[in-house]
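One structure below.
Derivation of every value follows stated rules applied to the coordinates shown; laboratory data play no part. These figures come from a predicted structure and were not determined experimentally. We place every Cβ from the backbone using ideal geometry, glycine too, and count neighbours over all the protein chains shown.
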Amino acid sequence: MTGKLLGVASGVSLAVLAVLALVVVPPDAVQGDAQRLMYVHVPTAWLAYLAFFVTAVASVLWLWPRTRAPHWDLLAGSSAEVGVVFTGLTLALGSLWGRPIWGTWWEWDARLTTTLVLFFLYVGYLALRRTGATADERGKRCAIAALIAFADVPVVHFSVTWWETLHQDATVFNPDLDVRMEGFWMPFTLVFSVLAFTLLYATLVRTRLRLAELDEGREERELQRAIEERRRAEVVPA
Amino acid sequence: MARRPRARYVAVAVACLVAVVVMIRLMADNTVFLEPVSEAVAKRDEQGSRAFRMGGSVVPGSIRETGDDGRDIRFQLTEGGVVADVAFSGSPPDLFTDCAPVVVEGNWEGTTFVSDELLIKHGNEYEPPSDTAAQECPEEPEGVR
Amino acid sequence: MDDNWGYVAAGYGLTAGVVAAYVVWLRVRIRRAERSLRDEADG
């Protein structure tokens with residue numbers, strides 16, 4: 001029930017966002033209509049940050065003996081998959097925005113490169129999740145990898161402040177926390193877009209977690225059957 | 001369970017790690033140093049013909065097309081009260097106009113900066129279009145230094 | 001400046017496409033997992 005409600009809420013808010021961003025908001029004085037890409041590029045990046053943050057927290061909860069439960073490992077993996085999808089989307093949207101405004105699809109700029117690094121770190125993490133070993137061993141290995149990969153998230157965020165980049169500084173979460181947007185609709189739509197994508201994240205990770213639970217149930221059964229078969233095989237020659 | 005798929009996933013994980021190292025090295029190698037106009041001009045003699053990036057804002061009214069095909073453009077960049085002549089060949093982005101915050105990649109040839117790559121470094125400020133078009137550049141573009 | 005709408009359309013289209021494709025892929029995998037669990041329970 002909650003799942004259906006979440007899905008409907010995120011669908012409706014994304015539809016409202018599309019109307020706000022494509023029709024209601026005025027174009028930027030300098031960039032014109034291309035600036036409308038901001039209302040998908042920024043929340044997409046936000047969703048990726050959020051997803052990897054959840055993966056990191058879930059990994060800590062799995063590593064800490066007092067809170068350890070298989071559930072945290074599944075949540076960490078589910079959230080990372082959603083994060084990878086949206087990191088890829090952020091890169092593509094940034095490229096589409098960079099072409100008309102900067103004059104280039106891609107630059108080996110600190111923000112762009114660290115984001116690409118983030119993408120590959122978590123693709124590597126997802127591959128690591130599918131390697132063998134016992135659930136405990138794999139869980140530990142992946143949780144540690146998730147924490148190492150997460151170190152890149154603050155590097156991505158502050159890259160625009162630390163290095164000289166073609167990419168602009170943050171409009172909202174800059175060091176002075178000074179919202180650099182004029183009028184009502186621009187900042188409103190940006191905030192709304194972040195809320196809409198947060199709902200979308202909740203919907204997607206919830207669904208992905210259900211899949212993870214189903215997969216684990218199947219794995220457990222396969223293991224059980226393999227053990228039984230071996231036991232039978234051992235009994236026969238004796 | 002087959003061993004094969006596991007080995008494949010390990011290979012993917014390792015390949016990703018290698019890709020990360022390569023990308024960091026690419027960034028370190030390809031990050032051409034960005035100099036604001038004032039520093040680029042001050043260091044003109046020691047730069048020689050070495051390629052670097054220069055950042056500043058376009059001096060209003062300085063843009064002139066010298067070729068028929070619109071690919072050869074001369075203009076001036078300013079920053080910190082210093083002005084530099086730039087000769088650019090290529091197609092500039094739409095936002096290349098008076099006062100635009102520009103990054104050009106190239107090298108000095110005498111007192112002219114010769115470039116074939118021009119990028120716009122846009123700031124993080126947004127506003128709806130206003131009726132009063134500014135004639136003077138509002139301020140030094142942020143981020144070029 | 002007007003042709004920038006092409007980039008905007010591509011960006012919003014891509015976002016919608018990726019989200020829709022991911023949702024479909026999740027559903028397909030869930031259905032497959034449910035089916036295999038059911039089959040095992042039967043067999």
Calculate the translational D of segment B:32-120 in whole µm² s⁻¹ from Stokes-Einstein, where the hydrodynamic radius comes from the Kirkwood formula applied to all Cα pairs, the temperature is 25 °C and the viscosity 0.890 mPa s. 193 µm²/s
Sequence neighbours fewer than 8 away in the same chain don't count; with that in mind, list the aspartates and glutamates whose C-alpha is under 14 Å from A:Lys4. none
Starting from the Cα of A:Arg230, step 7 Å along the direction of its Cβ; do the same at A:Leu195; then give the gap between the two resulting points in nm. 5.5 nm
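Which of B:Ile73, B:Ile120 has the fewest other C-beta atoms within 10 Å, and how do the rest follow up to the most?
B:Ile73, B:Ile120
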What net charge do the residues around A:Met186 carry, taking every other residue with its C-beta under 14 Å from that of A:Met186, with Lys and Arg at +1 and Asp and Glu at -1? -3
For A:Ala135 and C:Trp5, what does the FRET efficiency come to when R0 = 41 Å and r is the distance between their Cβ atoms, rounded to the nearest 0.05? 0.20
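Using C-alpha positions alone, give me the convex hull volume of the protein assembly as shown per residue in cubic angstrom.
Working: hull volume 78.5 nm³, N = 426.
Residue-normalised Cα hull volume stands at 184 Å³.
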When chain A is treated as a Gaussian network with springs between alpha carbons less than 10 Å apart, the largest mean-square fluctuation among A:Leu211, A:Leu93, A:Leu195 is found at A:Leu211
For segment A:26-35, in order, what is each residue's ³J(HN,Hα) by Karplus, 6.51 cos²θ - 1.76 cosθ + 1.60 with θ = phi - 60°, in whole Hz (x at glycine and Pro)? x, x, 6, 4, 9, 7, x, 6, 4, 5
Spelling out what I want: for every residue of segment B:109-126, take phi, set θ = phi - 60°, compute 6.51 cos²θ - 1.76 cosθ + 1.60 (Karplus), and round to whole Hz; glycine and proline get x. 10, x, 9, 9, 8, 9, 9, 10, 9, 10, 10, 9, 9, 7, x, 9, 10, 10
Between A:Val57 and A:Ala15, what FRET efficiency comes out of the Förster formula 1/(1 + (r/R0)^6) with R0 = 30 Å and r the beta carbon distance, rounded to 0.05? 0.45
Partner shielding of A:96-108, taken as the mean number of other chain Cβ atoms within 10 Å, equals 6
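Take each complete run of DSSP H in chain A, measure how far its Cα atoms stretch along the helix's own axis, and keep only those covering 20 Å or more with mean Kyte-Doolittle hydropathy at least 0.5; list them.
Qualifying helices, which must be both long enough and hydrophobic enough, are A:2-19, A:38-63, A:70-101, A:110-129.
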In nanometres, the difference between 0.36 nm per residue of separation and the alpha-carbon distance of B:Asp29 and B:Ala42 is 2.2 nm
Quick one: if the Förster radius is 51 Å, what FRET efficiency do A:Ile144 and B:Glu127 give, using the C-beta to C-beta distance and rounding to 0.05? 0.65
Given segment A:133-230, report the % of alpha carbon pairs whose separation exceeds 24 Å. 55 percent
Magnitude of the Cβ-charge dipole of the protein assembly as shown, K/R +1 and D/E -1, about the Cα centre, nearest 20 debye? 3320 debye
Mind pulling up the Rg/Rh value for chain A? Radius of gyration and Kirkwood radius, both on Cα. 1.08
Just A:Val205, A:Val24, A:Val155 to compare: in a GNM of chain A, with alpha carbon springs under 10 Å, which one fluctuates most? A:Val24
Distance cut-off 17 Å, percentage of C-alpha pairs in chain C lying past it: 55 percent
When the Debye formula is applied to the Cα atoms of segment A:82-193, each taken as the same point scatterer, what base-10 log of I(q)/I(0) results at q = 0.10, 0.12, 0.16 Å⁻¹? -0.40, -0.56, -0.87
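Taking Cα atoms of segment A:48-111, Rg/Rh with Kirkwood Rh, to two decimals?
My calculation puts Rg/Rh at 1.23.
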If amide H atoms are modeled at 1.01 Å from N in the peptide plane, then the residues at a separation of 5 or more from B:Glu117, or on another chain, having amide H under 5 Å from its own are B:Glu105
Give the average over all directions of the projected area of the C-alpha convex hull of segment A:1-123, one decimal, in nm². 9.7 nm²
Under 5 Å from the placed amide H of B:Asn124, counting only residues 5+ away or on other chains, we find A:Asp169
